[in-house]
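Undergrad: Below you will find the structure I want to go over with you.
The values are calculated or read from the model by the stated rules, or taken from the named source; none is laboratory data. Model, not experiment: these values are computed from the prediction. Cβ coordinates were reconstructed from backbone atoms using ideal geometry, including for glycine residues, and neighbour counts include every protein chain displayed.
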Amino acid sequence: MSSTPLTLRHPSKVIQGTVQLTGSKSESNRALIIQALSRGTVNVENLSAAADTVIMNKALTLADTSNETGATVTVDIGPAGTAMRFLTSYLNLVEGNFILTGTERMQQRPIGILVDALKTLGADIGYEKKDGFPPLKIAGGMTQKKQRVRITGNVSSQYLSSLLLIAASLNQGLALEIEGELTSRPYVIMTLDMLQEAGIGHTWTDNTIEIAPQEFKPTTIYVEPDWSAASYWYAIVALSEKGEVVLPGLKAHSLQGDIAIVDIMTHFGVASSFQEDGLHIAKVNSGSDKVLFDFKACPDLAQTIVALTAAIRRDISITGVETLKIKETDRLTALKKEIEKFGTTIVADGETYHIKTKEAYTPKQITFDTYEDHRMAMAFAPLAMVFNEVTINDPVVVEKSYPDFWEHLQQQGFTIKQ
């Protein structure tokens, strides 16, 4: 797909069909690290087709062959944030010398908290340019010096998951002490549950997670479809005049924190039913007047809900979104700029943000920018269900997590023109 803007319409405003979502990017990238550390003992099925997962797979293959030349290997993960965090830990266990880098935006995203923790354990890591940020210089084959490390829990759960994934492969194991409040807790639980599935046990007492040195057991990890991707279909159904969508493979018990969309969307008139053929979601008349929504455990859902509420002119307040400032873009600033294009705004009050829709209007045509952020594109595309014509700039960004997104929209009645 090119980066040429796409213009979306949905003539009928009625949605009914089945959408086969790709595997979860979050589960896939964890599974790939586990598979690599297990040296083939663990197999993975239903890997995500997302660009981030493809990048991770290639990076692991490249790292695995680093010993063949003896030269420093440059691992460029582009815009893949999960790959950056997970490989920052993983490469320390691989014999060889590495430069771990990414896009210009990736080089603006902080990594110092994770690097400091790894250096405490004995890793040999330095910075190529600016302290605290990629690119990183990593000398692999680390000798562990300490077993216990402290790390703040309120910046990125990926720092914790990165350390936990390598813990069982360290000579002394790991005792990870979490300082302060833990954000995105479900993602840490996902990591531990996937490790457990591969035979790696842990204890979690108060604010400390301990993992002893252990061997992976032979197993196959099946990656569930992506709940983050499902959230955009919830928004489409909510904005439709009449809507019902079936999402095969999604189950009521999931490792993914974004299953929170099931409860959130009950407040916007979308009912969920888990059936034998998958998840059925349908527009219903009932909703709620709930105002305050906390995204601390599921920050990737915030953009979807903000775009939705702005479009239907419903004032809400959101919390738990501070981590959005260090994502692919500063997502809070990006959201504010885009919803202001149709008269809505976001007002900050400490760490609570109020979406105000008093001045909102329905434009005949509107163009949204995406800021090199896949979730901006997919959060605003559903607004073509209520606005006559929506244009999305740089639509290629969806390849990061949901490469079939535009094709799936077309299959469900959207007209899309370049």
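Undergrad: Counting just the residues of segment 367-383 that are out of contact with any helix residue (DSSP H, G or I) (no Cβ under 6 Å at 6 or more places or on another chain) and farther than 25 Å from residue 225 by Cα, which one comes out surrounded by the fewest Cβ atoms within 10 Å (Cβ to Cβ)?
TA: 367
Undergrad: Is it the case that residue 318 is in contact with a His (Cβ under 9 Å, 6 or more places away or on another chain) and either part of a strand (DSSP E or B) or outside the structural domain of residue 261 (by TED's automatic domain parsing) (or both)?
TA: On the way: in contact with a His (Cβ under 9 Å, 6 or more places away or on another chain): yes; either part of a strand (DSSP E or B) or outside the structural domain of residue 261 (by TED's automatic domain parsing) (or both): yes.
In short, yes.
Undergrad: Could I ask something else about it? Pick out the one residue from 181, 128, 177 that is modelled with pLDDT under 95, in the same structural domain as residue 216 (by TED's automatic domain parsing) and surrounded by fewer than 16 Cβ atoms within 10 Å (Cβ to Cβ). Full working, then the answer.
TA: On the way: 128 fails: modelled with pLDDT under 95; 177 fails: modelled with pLDDT under 95.
None of the other options fit; the residue is 181.
Undergrad: Here is a further query. Got a sec? Which strands (runs of 3 or more DSSP E) wholly within segment 1-118 have at least 2 residues that are of a type outside the set (Val, Ile, Thr) and either closer than 16 Å to residue 135 by Cα or in contact with a His (Cβ under 7 Å, 6 or more places away or on another chain) (or both)?
TA: Details: elements: 6-9, 14-18, 42-45, 73-76, 97-101.
Filter on segment 1-118 gives 97-101.
Undergrad: Answer with yes or no whether residue 194 is of a type in the set (A, V, I, L, M) and either in a loop (DSSP other than H, G, I, E, B) or surrounded by fewer than 22 Cβ atoms within 10 Å (Cβ to Cβ) (or both).
TA: Numbers: of a type in the set (A, V, I, L, M): yes; either in a loop (DSSP other than H, G, I, E, B) or surrounded by fewer than 22 Cβ atoms within 10 Å (Cβ to Cβ) (or both): no.
Taking the combined requirement at face value, the residue does not satisfy it.
Undergrad: Looking at 312, 305, 355, 339, which is the one that is over 15 Å from residue 184 (Cβ atoms) and touching a Phe, Trp or Tyr at 6+ places or on another chain (Cβ under 7 Å)?
TA: Values: 312 fails: touching a Phe, Trp or Tyr at 6+ places or on another chain (Cβ under 7 Å); 355 fails: touching a Phe, Trp or Tyr at 6+ places or on another chain (Cβ under 7 Å); 339 fails: touching a Phe, Trp or Tyr at 6+ places or on another chain (Cβ under 7 Å).
Checking each option against the conditions leaves just 305.
Undergrad: Sticking with this structure for a sec: Collect the residues in segment 232-258 that are part of a helix (DSSP H, G or I) and farther than 15 Å from residue 293 by Cβ, keeping them in residue-number order. I'd like the intermediate steps shown before the answer.
TA: Residues of segment 232-258 that are part of a helix (DSSP H, G or I), as a first pass: 232-239, 257-258.
Result: 232, 233, 236, 237, 239.
Undergrad: In addition: What residue, among those in segment 265-286 that are among the small types (Gly, Ala, Ser) and without any contact (Cβ under 8 Å) to a residue 24 or more places away in the chain, is farthest from residue 232 (Cα to Cα)? Let's see the steps before the verdict.
TA: Step one: list which residues in segment 265-286 are among the small types (Gly, Ala, Ser), which gives 269, 271-273, 278, 282, 286.
This time we only want the ones that are without any contact (Cβ under 8 Å) to a residue 24 or more places away in the chain, so: 271-273, 286.
Details: 271: 15, 272: 14, 273: 17, 286: 20 Å.
Selected residue: 286.
Undergrad: If we scan segment 405-414, do we find a residue that is surrounded by fewer than 20 Cβ atoms within 10 Å (Cβ to Cβ) and assigned to a strand (DSSP E or B)?
TA: Checking segment 405-414: not a single residue is surrounded by fewer than 20 Cβ atoms within 10 Å (Cβ to Cβ) and assigned to a strand (DSSP E or B).
Undergrad: Mind listing just one residue for me: the one in segment 384-404 that is charged (D, E, K, R) and not in a helix (DSSP H, G or I) and, of those, surrounded by the most Cβ atoms within 10 Å (Cβ to Cβ)?
TA: Across segment 384-404, the extreme among qualifying residues is 394.
The rows are residues; the columns are (1) at positive phi; (2) touching a strand residue (DSSP E or B) at 6+ places or on another chain (Cβ under 8 Å).
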| position | (1), (2) |
| --- | --- |
| 221 | no, yes |
| 225 | no, yes |
| 249 | yes, yes |
| 256 | no, no |
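Undergrad: Further, regarding this structure: Evaluate the following for residue 138: is it in a strand (DSSP E or B), out of contact with any strand residue (DSSP E or B) (no Cβ under 6 Å at 6 or more places or on another chain) and in contact (Cβ under 8 Å) with a residue 12 or more places away in the chain? Outline the logic, then answer.
TA: Numbers: in a strand (DSSP E or B): yes; out of contact with any strand residue (DSSP E or B) (no Cβ under 6 Å at 6 or more places or on another chain): no; in contact (Cβ under 8 Å) with a residue 12 or more places away in the chain: yes.
So residue 138 does not fit the description; no.
Undergrad: Output the residue which, of all residues in segment 38-50 that are crowded, with 22+ Cβ neighbours inside 10 Å and of a type outside the set (Ser, Thr, Tyr), is farthest from residue 405 (Cα to Cα).
TA: Residues of segment 38-50 that are crowded, with 22+ Cβ neighbours inside 10 Å, as a first pass: 42, 47-48, 50.
Those still in the list that are of a type outside the set (Ser, Thr, Tyr) too: 42, 47, 50.
Values: 42: 30, 47: 17, 50: 11 Å.
That would be 42.
Undergrad: Under 9 Å between Cβ atoms, which residue pairs at least 6 apart in sequence (or on different chains) link something in segment 313-338 that is farther than 20 Å from residue 103 by Cα with a partner that is of a type in the set (Lys, Arg) and at pLDDT 95 or above?
TA: So the pair list comes out as 313/358; 315/356; 315/358; 316/290.
Undergrad: Conditions first: (1) closer than 23 Å to residue 43 by Cβ; (2) touching a residue at least 24 places away in the same chain (Cβ under 8 Å). Residue 253 passes all but one, so which condition is the exception?
TA: (2)
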